[in-house]
Amino acid sequence: MAFAGYKAGLTLVYLMDKNPQSPTYGRELAKSATVLDVSPMLVFCLRTYGKGDKGLRSLGEVWMKNPPKHLERVLSVPKKTNADEVLGELEKELSTVKEVRVVLATQPIDGGIGKKKPELMEVKVGGGSAQQQFEYAKGLLGKQVKVSDVFKEGQEVDAIAVTKGKGLQGPVRRWGISLLSHKARKGRRKPGNLGPWHPAHVMRTIPRLGQLGYHQRTEYGKRLLKMGSDGKEVTPKGGFTHYGVVKGDYVVVEGSLPGAKKRLVKLRYSIRLSEEVKPQDKVSVIGMLQWK
């Protein structure tokens, strides 16, 4: 129900407006879009969860046979794994299983990011009963999953990423408060007061200086405009600035996404759809203007 990729850069997409309620219905629109490098992810672990005292509790996990060495850069890899025996034990407890999840690892070395250390994420397997979910996840163990196996063109997703870091900033830039009068004492770029005398306490609602950016944020309802397996279709000449060339699978997402170049962006099924997820007719992308 989710996938991850690396932010490569921005582009401009020309498409037809297919919304009958839009004033620009049937016209050609130019919209900004973000290109993600979504190399296949490796399913190296399967986990089952049951009901616990305070939510879900882990019932067990099984690893793939002969995990790749690059996983050792992130966590301790078990030296001996008997997958068949562990799978048999987990199947006996399927009556108590509430959720089935898989642990995925990115493979950035296959893309243009030029790094070897992968990122890990645990993703829920949805649809059907616990038995069906377990059988489906068991068939994925040790294999690679593509973004086309999870999403379709025209589908709305939620994007989760860490925003650009701005460092320590004052309240004017951090919270957008107005400048004080030029006659203000001891500076203008500060709040007018820190609160009442009684109670003598500075409340959390007072704008103060502090960290700006480098926060995890979620953007809802981002539409997938285009998906493909040849990154050269969307890579400008010379590659994206501060990223390079998108070599394999790619996704073009409508609008901007949080984070800097090469930052991990997680895509998941949208949780704010009022109706059942029904991808629109294939988005008619007329053309793309490539820039760095």
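Annotation note: of S58, S76, the sole residue that is assigned to a strand (DSSP E or B) and under 27 Å from the mean Cα position of the chain (by Cα) is S58.
Check whether at least one residue in the stretch 48-55 is under 15 Å from V103 (Cβ atoms), free of Cβ contacts under 8 Å to residues at least 24 places away in the same chain and outside any strand (DSSP E or B), and report yes or no. Before you say what the answer is, go through the steps one by one.
So in the stretch 48-55, the residues under 15 Å from V103 (Cβ atoms) come out as 48-49.
If we keep only those that are free of Cβ contacts under 8 Å to residues at least 24 places away in the same chain too, we end up with none.
No, the stretch 48-55 contains no residue that is under 15 Å from V103 (Cβ atoms), free of Cβ contacts under 8 Å to residues at least 24 places away in the same chain and outside any strand (DSSP E or B).
Evaluating K222 against the criteria (1) out of contact with any helix residue (DSSP H, G or I) (no Cβ under 8 Å at 6 or more places or on another chain); (2) on the phi < 0 side of the Ramachandran plot; (3) not assigned by TED's automatic domain parsing to the domain that holds Y269 leaves one unmet condition, (3). Of K117, K98, all but one fail to be in the same structural domain as G231 (by TED's automatic domain parsing), part of a loop (DSSP other than H, G, I, E, B) and either surrounded by 19 or more Cβ atoms within 10 Å (Cβ to Cβ) or among the basic types (K, R) (or both); the exception is K117. Here L168 clears all of (1) touching a helix residue (DSSP H, G or I) at 6+ places or on another chain (Cβ under 8 Å); (2) exposed (fewer than 12 other Cβ atoms within 10 Å of the Cβ); (3) in a strand (DSSP E or B) except the condition numbered (1).
The values are calculated or read from the model by the stated rules, or taken from the named source; none is laboratory data. Everything quoted here is computed from the prediction, not taken from an experiment. When we count neighbours, we look across all protein chains shown, and the Cβ atoms used for this are built from the backbone with ideal geometry, even at glycine.
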